[in-house]
Amino acid sequence: MLAIAAAVVFGIYLLLDLLDVQTTDLFNFPTFASLGLLLLSLYLAGVGSGPRAGNGSSGRRFYGRRPGRG
C-alpha cells in the first residue's frame, strides 16, 4: 500500500511538471522526492505489509491440496 502511495506522489508531481503548473515553495521537487522516497523506504522496511502472523489470520488460506506439494 505504501508503494502505491509513493507511486501516486511521484505521478502527481510528474503531472504538475508536465503541465508546467506554478507551484509554491511547499510543492517543489525536493518535497515530492522526499515524500516519495520516505514512502518507498517504509514499504521496503515492511511497515504496513499486511496481516501479521499470530492474530488469527495468516493472510492466504489453502483448502485441500496445497499447490506445489506434489
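Quick note: the coordinates plus some simple rules give every number you see, no bench work behind them. Since we're looking at a predicted model, the values are computed, not measured. Note that each Cβ is placed from the backbone with ideal geometry, even for glycine, and that neighbours are counted across all protein chains shown.
Would you please report the Å³ per residue occupied by the convex hull of the alpha carbon atoms in region 2-45?
49
Set the Förster distance to 35 Å, then compute FRET efficiency between T23 and A45 from the Cβ-Cβ distance, nearest 0.05.
E between T23 and A45, to the nearest 0.05, is 0.75.
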